[in-house]
Amino acid sequence: MPSLIDMPEVVMKNILENLKDFRDVQTLRKTCHDLRNLIDDSNYDPKIRQCAIWVDRSLSSEEQRFGEVVMYYDYWNIGVVYKETKDGCLIAQNEKQKILKNENYLKIAGNDIGLNLSMQKSEIELFEILNGSRTDPGFREILWIPFLEHLSRNLKNRPRPLRVEEFKTCPLNQDEILLILPFLDAKSIQKIHFYDSFYTDGRPENPLKIDEILKLEQWKMASIFTSDLFIDLEQFHENYEHFEFVHVRVTEIMAEDLEKIRETFFHSPKLEFMKIRYHKLKDQPPFGEAILDERDWENWFFRVPNKEKILKIQHFEDYSCEFYDFRWIDEEKVPEYGGIQ
Amino acid sequence: MSVENAPVVDVDEAAIPVEKKMYYRFESNDKKEFRVSELAIQQSETLNRLVEAMGYTSEDVENKPAIAIENIDGKTLKLVFQWCEHHKGEAIPVDDGSVPKIVEIPEFDAKLMDIDNGLLFKLIWAADYLNIVQLLNVSCKKVANMAQGKTPAQLRRVYLLPSDEEDEAAKRAAQEAQDPRAREVEEEFEERKRQGGNSFF
């Protein structure tokens, strides 16, 4: 009597394509050697579209705040929780729970995601690695970094880099980003976001250093960069003209910085939009007299040789935050009162 | 030689063009004979090419021996032709990989495939061999659905798979049957390793 392992390759591929949940493929791999080899040779692609990882400390225990890693796949359709317990790791998904004694939950979680992504060949639309307790004492050293190291090892060992279109993370420093970003496929990365998942007011006194990130191909190939976290503007200069869209937060901004940004807009063939949220303005803007619009926002308009569009710079306050906004606009959108320089 | 009732499902005469009313005769490897409409045969790329190449007339179909399908038994072939007759005239899906495959199992197909897993695997194998794209799709979908939420042990039972231990034992048995001395040497080597020796010689 034929069994599944007697099926021709094309049939096996068809069956795997019809499996709705990539976890079923992982279970199939565990049944026997032959099927494992068959699946590994089948070019199977789980086609995961989104993957979000949330590292946090559970609020469930009064005595001790145990760590947990929650993974969501395909826009929250599939969720798996890995919880630290007194003597091991608890894995929960849907109604099922499993306890692995004497196992480290961070290692299990890192390896599991590595395994689930091991066959991924198509591009993941959104890959998020977030945390919820980054200001907790010891969180970074005990949970966050060890998890990222486990995940990093798995990403590093892939036969080909993971293809991700949009990468989102909430780092405390660039070392954390360097554990993940270099192992994503530079040709796929379009968007990079540094995110403040805890909605703290950032740390203006200690902006995120990005000097090593700037050297990565992934940085150079991306077209959109946003950061809720304060970044080091001095390092950022000279390293964003390849982006199309930039939205960053900086500690302080000086006339010299604004001038540099305007110059970058003048010569960058790609830069379309840049919004800078700043904590402190050191000097007056270097653009001459501003034109106030109906909201009392300051505007400047610049014509540039060989460019059809007009560079609009706007300075405004919105919800108690202050911004500079640089963008190219069509000339007909320049208001009548706008004096183009 | 036994002859199965043919055609396997009622034929809608009005729906079939006059020139397609020919019924071909096929024979399974256990000598069961089937009559299948030309339109139903079109669901199978393999059989369609075969009958086109043969260029049989209506008289040939009756007078010449049934076309032998040597790799498929009567029980499986009956299911295959029932499926083809039910779906005759339907467009054959083209899978160029450009869009994700979305397969729905119609009620008729679900009932047809309400069979034991061994026969289901034979049906899949036949659909692949005869290149019946949509039958292959629905039968593979059925097999895939069987995997949902199961443990490795449950999957072994569902898919008639050996465990790793059984797999190893089967391989050892095959090896021993082929070369008993090789197994003896291997065991001797393992024993020496257990005793702490670094070299076999």
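General remarks:
- Across B:21/B:122; A:168/A:220; A:96/B:122; A:13/A:47; A:121/B:141; A:121/A:215, pairs whose alpha-carbon gap is larger than 24 Å: B:21/B:122; A:96/B:122; A:121/A:215
- Likely footprinting exposure, A:3, A:320, fewest C-beta neighbours within 10 Å first: A:320, A:3
- Bridge orientation summary for the range A:48-191: considering DSSP beta bridges with both residues in this region, about 65 percent are antiparallel.
- Label-point separation in nm, residue A:296 to residue B:145, each point 7 Å along Cα→Cβ: 6.6 nm
- Charge sum, other residues only, whose C-beta stays under 12 Å from residue B:121's C-beta, Lys/Arg counted +1 and Asp/Glu -1: -1
- For the range A:290-302, backbone phi angles converted through the Karplus equation (6.51, -1.76, 1.60; θ = phi - 60°) give residue-by-residue couplings of 7, 9, 8, 9, 5, 9, 6, 7, 7, 10, 9, 10, 10 Hz, Gly and Pro being listed as x.
- As a length-normalised measure over Cα pairs under 8 Å and 6 or more apart, the relative contact order of chain A settles at 9 percent.
- Cα-based shape type of the range A:52-125, given that a ≥ b ≥ c are square roots of the gyration tensor eigenvalues and the cut on a/c is 1.5: prolate
- Taking every DSSP helix (H) stretch of at least 4 residues in the protein assembly as shown, weighting each as -39,500 (n - 2.57) and dividing the sum by the residue count yields a mean residue ellipticity at 222 nm of -9500 deg cm²/dmol.
- Neighbour net charge for residue A:332 - beta-carbon separation under 14 angstrom, K R +1, D E -1: 0
- Per-pair calculated FRET efficiency, R0 = 51 Å: residue B:164 and residue A:215 via Cβ, rounded to 0.05: 0.65
- For the range A:48-191, the share of alpha carbon pairs falling in successive 5 Å distance bins from zero is 2, 10, 19, 24, 21, 14, 7, 2, 1, 0 percent.
- Restricting attention to the range A:271-328, the count of lysine pairs at 8 or more positions apart or across chains with alpha carbons under 29 Å apart stands at 5.
- Rounded if a/c under 1.5, otherwise prolate or oblate - the protein assembly as shown, Cα gyration tensor axes: oblate
- Residue order, fewest to most surrounding Cβ atoms within 10 angstrom, among B:157, A:153: B:157, A:153
- Relative exposure of A:129, B:69, judged by other C-beta atoms within 10 Å (fewest first): B:69, A:129
- Greater than 28 Å apart at Cα, pairs in A:83/B:142; A:209/A:260; B:88/B:142: A:83/B:142
- Peptide A:23-30 shows a mean partner chain C-beta count of 5 within 10 Å per residue C-beta.
- The range A:200-300 - Rg over Rh from alpha carbon coordinates, Kirkwood radius: 0.97
- Distance between the range B:22-46 and the range A:150-164 - C-alpha centres, whole angstrom: 51 Å
- Taking every residue in B:134-141 and counting other chain Cβ atoms within 10 Å of its Cβ, the average works out to 4.
- DSSP bridge pairs, the protein assembly as shown: antiparallel proportion in percent, nearest 5: 55 percent
Each reported figure results from applying straightforward, stated rules to the coordinates on display, with no laboratory input. The model shown is predicted, which means the values in this text are computed figures rather than measured ones. So basically every Cβ, Gly included, is an ideal-geometry build from the backbone, and we count neighbours across all protein chains shown.
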